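Below: one structure, written as structure tokens.
The values are calculated or read from the model by the stated rules, or taken from the named source; none is laboratory data. All figures in this text were calculated on a predicted structure; none of them were measured in a lab. Don't worry about glycine lacking a Cβ; one is built from the backbone with ideal geometry, like all the others, and counts go over all protein chains shown.
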Amino acid sequence: MAIIDFFDRGWRGNPEGSAYIQDDRHYSFNEVGELSCRIANALLAEGFPKETKGAVWAGNDVTAWVCTLGLWRANMCWIPVGARNSAEENHYVLDAFDCEVLFFQQAFADSIAVLQPQLPKVQRWICVDGEASQVVGSVSLNAWVETQPASKPVVSVDLDDVIMLSATGGTTGAPKGVMNTHRSVQTFCAHFMMRCSYAGNERPVNLAAAPMTHTAGLLSVPCTAQGGTVVVMTKPDPVLLLGAIPQFKVTEFFLPPTVIYRLLDISGLKDKVNFSSLKYFMYGAAPMSVEKLKQAIETFGPVMMGGYGQTEAPASIAFLRPDEHFDTEGNIASDEHLSSVGRPNALIRCEIMSDEGEILPVGESGEICVRGDLLMKGYYKAPDKTAETIVDGWLHTGDIGHLDANGYLHITDRKKDMIISGGFNVYPSEVEQVIWSHPAVQDCAVIGVPDEQWGEAVKAVVELNAGQEVDTQELIALCKARLGSVKAPKSVEFVEALPRSPAGKVLKKDLRARYWSASARKI
């Protein structure tokens, strides 16, 4: 299937139904489908060929998302642009990825006008919500598509055509461009729809609370494929988010762990909000504290769903379904089980490999490697990096982990995050799980810092819950008691807020830079 076929499946089955809701405004499948056709026909009328790269610089917004659907309908390539990124970051992505068409909201017009002379490859500038005179040569979306037909254009599609060019997180250097295809994204959709099932008479209601330029956008595709409704949150407001769940009878949504932690801090949340409509509350993009996961199950009910994926293997290497958070007797599962990311999904093969490329037996730790139709086509204009990452058809994820006897995948850490202290390997996530278990801790990051005696010393950087305190020695003692002295932090730093990417990932690179700036070690 082409990626747009998923939307069209829902359009055919529920033409008058609400495909999207934003600020109480309902957008029917007919309305959205016809606008996406006009956008596609306008792109094709200007002679843009397949795989033309078009970016959408906007916050969460239905019309902006329809521009993405229009690009896909014309078999062109969407470049997600983070609205929370700096203008400099977005300039790098637009220039490095050879953007030719830019859709944007008025709110970003001033920044775009400054960057415009530095983006000579952009041939068409379209403001999705009105006029933007400061951007030279720009046109409003309504005027641009006004004369275009609302019929589906006939385009030739190959499953290996590139339809999404996404920047890697950039936490370890300049972002690379990940080329995903109809094939890889349809595999994600198949995985999601298999694991997040609905009865024949049910229609999902997806809450797009996280940025649609990240996981929330992809997660909306299976919802609309089933004739369901996507409720679009335009700003990250916990009060609006929690109010939307009972108001729209939300059945599924995704949040990164850091946002979930803040929701759990709300006193009496379980009694204040009716969560009975929820079936799948997805978490991922970063490791989650097991203690806070158990709190989430108690608060939101048996609906938590873990996920593991990468930009290079979009969002669905493994899932831990809601029922898999419990044992056979219906009790919350063990900490060891909850720390897994679930079983690898059906349309991929997942193995643990040694540094020599040998497949390791059950229980042994090594690099998580994946093959199958979920994989990216490669990195944009970087065949050398592609060859380093995909070897003999295997995607080398850079994550260290193991498969247990029941087939559940456990991620120990990022390969580059591993600390070698006195010759011993220390995996930060193991230490972080212990620190997270302290009731005063909101979040933490464990890194290696230079040490003359040990080479690297374990250091914890900790963000506390509002109004709570804990001293350094108490946290170190807690880690020593559970992990031993080698893995316990040698120092603890308390900060008001950990540095995070727009997707909510803690930027350990930025933390390490403070200590390794004078070192030759790559951070």
Check on Ala405, more than 20 Å from the chain's Cα centre (by Cα) and in a loop (DSSP other than H, G, I, E, B): yes
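Within the bounds of region 184-203, is there any residue that is among the hydrophobic types (A, V, I, L, M, F, W, C), closer than 22 Å to Ile348 by Cβ and in a loop (DSSP other than H, G, I, E, B)? Break it down stepwise before answering.
First, the residues of region 184-203 that are among the hydrophobic types (A, V, I, L, M, F, W, C): 185, 188-190, 192-194, 196, 199.
Within this subset, residues satisfying the condition of being closer than 22 Å to Ile348 by Cβ are 185, 188-190, 192-194, 196.
Filter once more, keeping what is in a loop (DSSP other than H, G, I, E, B): 196.
So far as region 184-203 goes, yes, one or more of its residues are among the hydrophobic types (A, V, I, L, M, F, W, C), closer than 22 Å to Ile348 by Cβ and in a loop (DSSP other than H, G, I, E, B).
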Checking Arg514 against (1) assigned to a helix (DSSP H, G or I); (2) within 22 Å of Lys415 (Cα to Cα); (3) touching a residue at least 40 places away in the same chain (Cβ under 8 Å); (4) charged (D, E, K, R), the condition it does not meet: (3)
Residue in region 122-131 that is crowded, with 21+ Cβ neighbours inside 10 Å and in a helix (DSSP H, G or I) present: no
Qualifying residue in region 191-202 (condition: surrounded by fewer than 17 Cβ atoms within 10 Å (Cβ to Cβ), touching a His at 6+ places or on another chain (Cβ under 6 Å) and at negative phi): no
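Conditions (1) touching a helix residue (DSSP H, G or I) at 6+ places or on another chain (Cβ under 6 Å); (2) more than 19 Å from Arg203 (Cα to Cα); (3) of a type in the set (Gly, Ala, Ser), marked per residue:
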residue: Phe6; (1), (2), (3): yes, no, no
residue: Pro15; (1), (2), (3): yes, no, no
residue: Ile21; (1), (2), (3): no, no, no
residue: His26; (1), (2), (3): no, no, no
residue: Phe29; (1), (2), (3): yes, no, no
residue: Ile39; (1), (2), (3): yes, yes, no
residue: Gly47; (1), (2), (3): no, yes, yes
Which listed residue, of Glu469, Glu493, Glu432, is in a strand (DSSP E or B) and under 30 Å from Pro236 (Cα atoms): Glu493
Unmet requirement for Val486, which otherwise passes all of (1) in a helix (DSSP H, G or I); (2) at pLDDT below 95; (3) aliphatic (A, V, I, L, M): (1)
Qualifying positions in region 35-82 - within 16 Å of Glu100 (Cβ to Cβ), more than 23 Å from the chain's Cα centre (by Cα) and outside any loop (DSSP other than H, G, I, E, B): Ile39, Ala40, Ala42, Leu43, Leu44, Ala45
Criterion (within 21 Å of Gln148 (Cβ to Cβ) and surrounded by 24 or more Cβ atoms within 10 Å (Cβ to Cβ)) met by exactly one of Leu35, Leu44, Leu71: Leu71
